[in-house]
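The next block holds one structure in the form of structure tokens; read it before the comments.
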Amino acid sequence: MTTPHAHVPGASIFDRLEALLPFVSKPIQYVGGELNAVQKPWDSVDVRWALMYPDAYEVGAPNQGVQILYEVINERADALAERTYAVWPDLEKLMREHQVPQFTVDSHRALGDFDVVGMSFSTELGYTNMLTAIDLAGVPVLAAERDDTHPIIVAGGHAAFNPETIAEFVDAAVMGDGEEAVLLITDIVRDWKNEGRPDGRVGLLRRLALTGVIYVPRFYDVEYLEDGRIKRIVPNEADIPWRVRKFTLMDLDSWPYPKAPLVPLAETVHERMSVEIFRGCTRGCRFCQAGMITRPVRERSITGIAEMVENGLCKTGYEEVGLLSLSSADHTEIAEIAKGLADRYQGTETALSLPSTRVDAFNIDLANELSRNGRRSGLTFAPEGGSERMRKVINKQVTEEDLIRTVSAAYGAGWRQVKLYFMVGLPTETDDDVMQVAELAREVIKAGRAASGRRDIRCTVSIGGFVPKPHTPFQWASQLNHEATDARLHKLRDAIRADREYGKSIGLRYHDGKPGIVEGLLSRGDRRVGRVILQAWRDGARFDGWSEHFSFDRWMNAASVALADEPVDVDWFTTRERQQSEVLPWGHLDSGLDADWLWEDWQDALSEVGVEDCRWTPCFDCGVCDQMETEIQVGPTGVVTLPMPTVRTTAVLAEVDA
Amino acid sequence: MSRRPPERDVALAVQKLRVHYAKRGRLRFSSHRDFQRALERALRRAEVPMAYSAGFSPHPKISYANSAPTGVASEAEYVEIGVTQRCDPERMRAALDDALPPGLDVVDVVTAATPDFVNRLEASRWRFELPGVDPATAQVAADTFLAHSEVIVERLMKNGIRKFDTREAVISLTVSDESGVSGSQGSVAGDSCAILEVVTRHVTPSVRPDDLLAALRIAADLVPPVPPRVTRLAQGPLIPGSSEIGDPFAPDRAALVSTS
């Protein structure tokens with residue numbers, strides 16, 4: 001019935017997709033058409049990028065990283081970038097039946113037509129979605145089977161700091177800030193194409209690898225010891241660098257992206273505009289991979305932030321602005337920023353929010369500035385560890401007094417609801433440490449009732465399983481198995497329930513420990529885990545970050561099949577503690593952190609010794625600034641009053657007769 | 001201490017504007033909620049001096065009329081907006097059209113000069129493109145449907161499955177032929193493409209395009225091989241004694257002329 005589609009590269013496949021959309025849920029997520037989206041003619045450029053956030057559109061579309069790279073690439077005259085997201089299983093099934101390829105939402109071009117596919121991994125749980133997309137694109141899922149007609153697939157994002165588990169699927173991986181990375185890759189691909197593609201695909205990959213900042217797994221061989229540990233990881237060609245460095249973007253003010261944030265039509269997880277106020281964090285929380293791999297701290301200036309807020313509001317029409325960073329209240333001029341913006345948008349419906357605030361950096365003046373126009377969202381703090389001892393181990397230096405003082409002030413000032421985040425399964429943790437979460441929540445309610453004089457205040461405790469991550473002091477640690485994790489969580493739940501005086505004021509939100517084990521396997525695995533991913537995907541694994549799609553049994557079955565001939569298993573990768581001498585799968589990937597410093601910090605954790613923040617104490621030699629030739633870039637700039645923006649003019653008013 | 005909404009200038013609406021817009025092309029897959037968000041953002045981008053309700057979560061004063069279902073395109077959607085300063089309708093049209101994504105297009109704006117706008121939207125004219133359906137077959141199906149005095153369909157509603165008649169609401173149903181004209185839904189055998197135009201009266205529960213397709217299936221076994229492309233062509237008052245639909249803005253325009 002259907003006539004064959006003679007496919008012209010870069011041509012839209014929308015008419016074929018459109019026929020499927022009436023049969024899928026939320027079709028709007030597949031049609032694009034976002035405000036500020038860019039469409040460029042296919043033949044007008046040399047290098048064509050498809051950027052994928054391998055999760056559902058509602059999660060992926062607001063992602064800042066993808067939006068930034070999308071603009072950075074599209075600003076170039078010789079390149080274009082379009083976006084693609086994971087399709088839900090209902091559409092995947094129809095696309096397979098009707099042979100509709102994975103497509104971009106901007107111009108509905110086939111993914112296989114692009115030169116480069118950039119995959120942004122905030123979490124390892126997107127790996128199976130990557131395989132679905134590559135497969136739907138008609139591209140072999142194994143990198144070794146691709147030829148010159150296929151795009152090169154580049155992984156980025158935090159998970160790319162250990163790309164070994166996906167080394168068989170991606171052609172390259174980039175660590176660190178993406179802005180300069182995509183520009184460099186674009187240059188290399190353009191030159192290689194313009195020179196007539198010397199040495200084909202391998203020639204291009206070699207050029208990427210020779211930079212020393214782009215990791216190309218095929219040029220590295222992994223040798224194993226008999227007991228399953230890695231013996232060594234070595235380049236298999238002359239001139240290929242032994243170590244690959246991360247990218248670090250300096251001077252955020254000269255990179256004010258996104259300048260025109262995308263405004264999706266479909267509902268997404270973040271219905272607001274975001275402005276990144278600084279990058280990096282040196283608080284030194286030992287569990288926190290983000291804080292370790294994004295050093296040093298680089299602040300955007302107060303005036304740079306104000307310009308991005310005003311420009312973004314004009315271009316999007318959003319009414320909420322989130323001031324993003326890993327710990328937003330730590331900006332040296334956060335008070336001036338909050339007051340300046342609150343003054344500026346006084347009387348408008350514009351709301352400001354600070355998604356990540358530390359207990360010790362929070363103060364009520366700041367909170368009041370942020371809620372000046374009457375919108376008062378709940379307050380969220382993350383003590384992470386229930387006991388004082390635990391917080392010393394993880395170096396989250398927040399005392400119980402800090403917390404009680406802060407929440408008392410908040411309840412006293414009219415807040416009714418405080419949310420607290422904790423982790424379970426931290427190194428050296430005992431049942432007792434976790435039970436102290438309940439104790440802390442009781443103290444919070446007690447203090448809150450006293451401060452507010454009311455009994456209807458609430459505290460919600462949100463607790464998740466800890467997953468040790470590469471490039472952190474806990475990279476050597478044993479992960480708690482899911483049975484023990486669940487047992488601790490149930491004990492905590494029972495203790496809160498049994499509390500007659502305070503229990504009803506405390507809400508508890510937690511997830512079981514099983515997904516954390518799969519995340520742990522994917523986080524600290526090596527190339528052998530790639531086989532598990534492939535097996536799980538073939539068995540139907542999709543959207544592993546969604547509880548309704550995740551199947552622990554499917555992953556465990558896949559692991560026993562894929563690792564049957566190996567001396568290693570899931571426990572070996574997750575619950576096994578590593579020794580200092582062990583070659584780690586990511587050992588050749590340079591985040592700047594000195595391996596000896598990381599080990600010392602791990603030993604300090606075990607001895608419950610803290611480490612200060614290098615923004616206000618002397619350098620403690622984590623290694624990053626020396627290794628990467630970077631430096632801390634923080635204020636204060638001394639600007640205390642923000643200029644009011646030019647009054648926005650409206651062209652809609654009727655002329656008034658004089 | 002109880003919280004009170006913050007002091008703000010609760011400016012009253014000094015004018016209401018009625019906006020006629022279209023939902024075209026790929027944006028026909030936007031839902032009503034998607035449109036609401038897009039419109040509120042576009043109003044802010046266009047610096048329209050919106051009137052807000054008072055209270056803790058102020059919301060803009062916008063009234064939505066019966067919107068076309070998700071997946072159905074429309075040339076005739078209506079919304080009413082309250083503003084705190086007098087606006088020029090044509091400037092408003094241009095600014096709002098500019099601020100909305102392409103595919104959500106503002107056709108016309110008038111100052112509301114008469115009450116009861118929603119009641120004026122008495123009927124809709126729908127166009128169904130049926131690729132792969134022979135016009136003669138469609139004509140037989142249309143005649144069969146029209147010969148019935150009642151065609152009951154089922155729809156899942158908030159409180160369960162409800163059965164209701166579709167025939168009564170149909171004022172006219174005509175078939176034309178666009179075979180050979182290439183559609184955008186992909187090629188279908190023989191390239192035949194019947195076009196149905198249906199005028200429905202707005203009743204409760206409303207008879208929507210899906211209900212009409214269900215009715216044609218039930219009454220006349222008409223089953224299109226691919227999903228039809230449906231567009232609302234017009235919405236407004238029924239001109240008495242005909243199946244024509246009038247301009248719902250006509251009374252506002254007339255009132256404006258008589259006062260100026």
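The values are calculated or read from the model by the stated rules, or taken from the named source; none is laboratory data. Only a predicted model underlies this, so the values are computations on that prediction, with no experimental measurement involved. Here the Cβ is made from the backbone with ideal geometry for all residues, glycine too, and neighbour counts use every protein chain on show.
One residue alone among A:TRP616, A:TRP597 is free of Cβ contacts under 8 Å to residues at least 60 places away in the same chain and under 30 Å from A:GLY340 (Cα atoms), and that residue is A:TRP616. Scoring A:VAL561 on the criteria (1) touching a helix residue (DSSP H, G or I) at 6+ places or on another chain (Cβ under 6 Å); (2) surrounded by 17 or more Cβ atoms within 10 Å (Cβ to Cβ) leaves a single failure, condition (2).
Every residue in the stretch A:203-217 that is assigned to a helix (DSSP H, G or I) and touching a residue at least 12 places away in the same chain (Cβ under 8 Å), please.
Pass one, the stretch A:203-217, residues assigned to a helix (DSSP H, G or I): A:203-210, A:217.
If the condition is that a residue be assigned to a helix (DSSP H, G or I) and touching a residue at least 12 places away in the same chain (Cβ under 8 Å), then A:LEU204, A:LEU205, A:ARG206, A:ARG207, A:LEU208, A:ALA209, A:LEU210, A:PRO217 are the ones that fit.
Would you point out the residue of the stretch B:61-90, among those that are within 12 Å of another protein chain (Cβ to nearest Cβ) and either touching a helix residue (DSSP H, G or I) at 6+ places or on another chain (Cβ under 6 Å) or surrounded by fewer than 18 Cβ atoms within 10 Å (Cβ to Cβ) (or both), that is nearest to A:PRO27 (Cα to Cα)? If you could, list the steps in order and put the result at the bottom.
Filtering the stretch B:61-90 for residues within 12 Å of another protein chain (Cβ to nearest Cβ) gives B:69-73, B:81, B:83-90.
Next, from what is left, pick out any that are either touching a helix residue (DSSP H, G or I) at 6+ places or on another chain (Cβ under 6 Å) or surrounded by fewer than 18 Cβ atoms within 10 Å (Cβ to Cβ) (or both): B:69, B:71-73, B:85-86, B:88, B:90.
Values: B:PRO69: 13, B:GLY71: 8, B:VAL72: 12, B:ALA73: 14, B:GLN85: 38, B:ARG86: 38, B:ASP88: 36, B:GLU90: 33 Å.
It comes out as B:GLY71.
Output the number of residues of the stretch A:218-254 satisfying the condition of being without any contact (Cβ under 8 Å) to a residue 40 or more places away in the chain and among the polar types (S, T, N, Q). Spell out how you get there, then give the answer.
As a first pass, look at the stretch A:218-254 and keep what is without any contact (Cβ under 8 Å) to a residue 40 or more places away in the chain: A:219, A:221, A:223-225, A:234-241, A:254.
Retained after the next criterion (residues that are among the polar types (S, T, N, Q)): A:236, A:254.
The number of residues fulfilling the criteria is 2.
Whenever a residue of the stretch B:31-58 is over 18 Å from A:ALA351 (Cα atoms) and facing chain A (nearest Cβ under 7 Å), its partners that are in a helix (DSSP H, G or I) and among the charged types (D, E, K, R), lying with C-beta atoms within less than 8 angstrom and at least six residues away or across chains, give the pairs B:ALA46/B:ASP98.
Where residues in the stretch A:615-655 are of a type in the set (Asp, Glu) and assigned to a loop (DSSP other than H, G, I, E, B), which of them is nearest to the other protein chains (Cβ to nearest Cβ)? Walk me through how you get there before you give the answer.
Initial filter on the stretch A:615-655 (of a type in the set (Asp, Glu)): A:621, A:626, A:629, A:631, A:655.
Checking which are assigned to a loop (DSSP other than H, G, I, E, B) leaves us with A:621, A:629, A:631, A:655.
On the way: A:ASP621: 48, A:GLU629: 42, A:GLU631: 39, A:GLU655: 7 Å.
Step by step, filter the stretch A:615-655, then rank; the result is A:GLU655.
Please go through the stretch A:424-463 and give me each residue that is on the phi < 0 side of the Ramachandran plot, surrounded by 19 or more Cβ atoms within 10 Å (Cβ to Cβ) and not in a helix (DSSP H, G or I), ordered by number. Selection gives A:VAL424, A:LEU426, A:PRO427, A:GLU429, A:ILE457, A:CYS459, A:VAL461, A:ILE463.
Take B:VAL109 and decide whether it is in contact with a Cys (Cβ under 9 Å, 6 or more places away or on another chain) and modelled with pLDDT of 95 or more.
On the way: in contact with a Cys (Cβ under 9 Å, 6 or more places away or on another chain): yes; modelled with pLDDT of 95 or more: yes.
The answer is yes for B:VAL109.
Checking every residue in the stretch A:644-657 against the condition of being within 30 Å of A:MET308 (Cα to Cα), touching a Cys at 6+ places or on another chain (Cβ under 6 Å) and of a type in the set (Val, Ile, Thr) gives at least one match. When the criteria are applied in full, B:ARG93 fails the requirement of being farther than 27 Å from B:PHE29 by Cα, within 11 Å of chain A (Cβ to nearest Cβ) and among the basic types (Lys, Arg).
Of these, A:SER25, A:SER44, A:SER12, which one is hydroxyl-bearing (Ser, Thr, Tyr) and in contact with a His (Cβ under 7 Å, 6 or more places away or on another chain)? Steps first, please.
Values: A:SER25 fails: in contact with a His (Cβ under 7 Å, 6 or more places away or on another chain); A:SER44 fails: in contact with a His (Cβ under 7 Å, 6 or more places away or on another chain).
After applying the criteria, what remains is A:SER12.
The residue that is surrounded by the most Cβ atoms within 10 Å (Cβ to Cβ), counting only those in the stretch A:10-59 that are of a type in the set (Val, Ile, Thr) and more than 14 Å from chain B (Cβ to nearest Cβ), is A:VAL47. Just give me the residues in the stretch A:328-356 being under 23 Å from A:ARG416 (Cα atoms), among the polar types (S, T, N, Q) and surrounded by fewer than 23 Cβ atoms within 10 Å (Cβ to Cβ), in sequence order. Once the filter is applied, which keeps residues that are under 23 Å from A:ARG416 (Cα atoms), among the polar types (S, T, N, Q) and surrounded by fewer than 23 Cβ atoms within 10 Å (Cβ to Cβ), the stretch A:328-356 yields A:THR350, A:SER353, A:SER356. Confirm whether A:SER325 is hydroxyl-bearing (Ser, Thr, Tyr), more than 14 Å from chain B (Cβ to nearest Cβ), over 30 Å from A:ASP601 (Cβ atoms) and under 21 Å from the mean Cα position of the chain (by Cα). So A:SER325 fails the test. Checked against (1) over 30 Å from A:THR211 (Cβ atoms); (2) surrounded by fewer than 18 Cβ atoms within 10 Å (Cβ to Cβ); (3) among the β-branched types (Val, Ile, Thr), A:THR268 meets all criteria but (2). Each residue in the stretch A:1-57 was checked for being on the phi > 0 side of the Ramachandran plot and out of contact with any helix residue (DSSP H, G or I) (no Cβ under 6 Å at 6 or more places or on another chain), and 3 pass.
Those helices (runs of 4 or more DSSP H) of the stretch A:1-77 in which 2 or more residues are in contact (Cβ under 8 Å) with a residue 40 or more places away in the chain and under 26 Å from the mean Cα position of the chain (by Cα) occupy A:57-60, A:64-74.
Within the stretch A:120-131, the set of residues being of a type in the set (S, T, N, Q) and either in a loop (DSSP other than H, G, I, E, B) or outside the structural domain of A:THR149 (by TED's automatic domain parsing) (or both) comprises A:SER122, A:THR123. Within the stretch A:539-556, restricting attention to residues that are in contact with a helix residue (DSSP H, G or I) (Cβ under 8 Å, 6 or more places away or on another chain) and assigned to a helix (DSSP H, G or I), the residue that is surrounded by the most Cβ atoms within 10 Å (Cβ to Cβ) is A:TRP555.
Here the strands (runs of 3 or more DSSP E) wholly within the stretch A:280-390 that include at least 1 residues being aliphatic (A, V, I, L, M), in contact (Cβ under 8 Å) with a residue 24 or more places away in the chain and within 26 Å of A:ALA260 (Cα to Cα) are A:320-324, A:351-353. Of all residues assigned to the stretch A:105-119, at least one qualifies as being under 25 Å from the mean Cα position of the chain (by Cα), modelled with pLDDT of 95 or more and assigned to a helix (DSSP H, G or I). Can you find, within the stretch A:255-277, the residue that is farthest from the chain's Cα centre (by Cα) among those that are outside any loop (DSSP other than H, G, I, E, B) and in contact (Cβ under 8 Å) with a residue 60 or more places away in the chain? Filtering the stretch A:255-277 for residues that are outside any loop (DSSP other than H, G, I, E, B) and in contact (Cβ under 8 Å) with a residue 60 or more places away in the chain, the one farthest from the chain's Cα centre (by Cα) comes out as A:VAL263.
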